[in-house]
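Okay, so here's the structure we're looking at.
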Amino acid sequence: MALKYKCLILDHDDTAVDSTSLIHHPAHLEAMKILRPGLAPLNLKGWFLKNFDPGIMPYLTEELNLTRSELEEEFNIWRSFTSSRIPHFYPGFLEVLQRYREKGGLLAVVSHSQEDLIRRDYKYNSASAPLMPDIIYGWVDDHSKRKPSPWPVHQILDKFQLRPEEVLIIDDLKPGVQMSRAVGAAVAAAGWGHDITEIREYMTENCLAYFKTVEDFAAFIFES
């Protein structure tokens, strides 16, 4: 059975790993305690919504008005949380990727997490059956080279000599949709990590498919 897509371009946080509730939101709470102690922090739903729209950097720079030095401190707080806590992959997700690779599929990651942490997560969670993506593009300071910029996808297409219609982007938030539109590639929504009405409705309307479960995702990519 031939694969529908030659390459999956995967988001990481809340698509592959359950990380926001364990890492990113607690880091936000800690940063707010230090940098904006007089301002109430976002709850978990609010944090998801800010990451969805307008995105984390516009929120930090335009809404919280963090200075350059405050952004550096916020980053250091975030890095301390991401370095000391390892998230788990959603049940069945790695098994789906392993099966996909065995059938000849390529695995790429485009994420706002840093590359070394993404590699750590895959190495730690797939220790019994090692699995590592073929290529990873993580967070970089240059916004022109990170999602939602199409630059990472163009690099993947060029490296593996693929056409846009041969890849499928999987993401849980709007940046993946924006990136897909810029390159003309299909995008599908990972809906198993959270269920927030505003996000679900947008992703359902703007994606090729909306997967409520990892099993739904598997059924779609392996459909003949």
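None of the figures in this text is laboratory data; all of them are computed from the coordinates on show. Since this is a predicted model, take the numbers as computed values, not measurements. Heads up, the Cβs are rebuilt from the backbone with ideal geometry, glycines too, and the neighbour counts pull from every protein chain shown.
Overview of values
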quantity	calculated
At most 14 other Cβ within 10 Å, DSSP loop - GluC sites (Glu not before Pro), segment 142-224	Glu223
Loop-located chymotrypsin sites (Phe, Trp or Tyr not before Pro) in segment 140-222 whose Cβ has at most 15 other Cβ within 10 Å (DSSP)	Phe222
Nearby aspartates and glutamates by direct alpha-carbon distance to Lys174 (threshold 16 angstrom, same-chain neighbours under 8 apart not counted)	Asp11, Asp13, Asp14, Asp53, Asp195, Glu198, Glu201, Glu205
Ranking of Val153, Val214 by count of other Cβ atoms within 10 Å, fewest first	Val214, Val153
Given Lys4/Lys212; Lys123/Lys159; Lys33/Lys145; Lys4/Lys45; Lys103/Lys212; Lys50/Lys159, the pairs whose alpha carbons are separated by over 27 Å	Lys33/Lys145; Lys4/Lys45; Lys50/Lys159
Magnitude of the charge dipole, segment 1-123, Cβ model with Lys/Arg +1 and Asp/Glu -1, debye to 20	500
Coarse-grained scattering of segment 1-98 at q = 0.15, 0.16, 0.19 Å⁻¹, given as base-10 log I(q)/I(0) from a Debye sum over alpha-carbon atoms	-0.68, -0.75, -0.96
Dipole magnitude (debye, nearest 20) for the chain, charges at Cβ of Lys, Arg, Asp, Glu	380
For the chain, average projected area of the Cα convex hull in nm²	11.7
The chain: calculated mean residue ellipticity at 222 nm from DSSP helix runs of at least 4, using -39500 (n - 2.57)	-13000 deg cm²/dmol
Nearest-20 debye value, segment 133-223 charge dipole, Cβ charges on Lys, Arg, Asp, Glu	300
Qualifying trypsin sites (Lys or Arg not before Pro) in segment 61-110, DSSP loop, other Cβ atoms within 10 Å at most 15	Arg85, Lys103
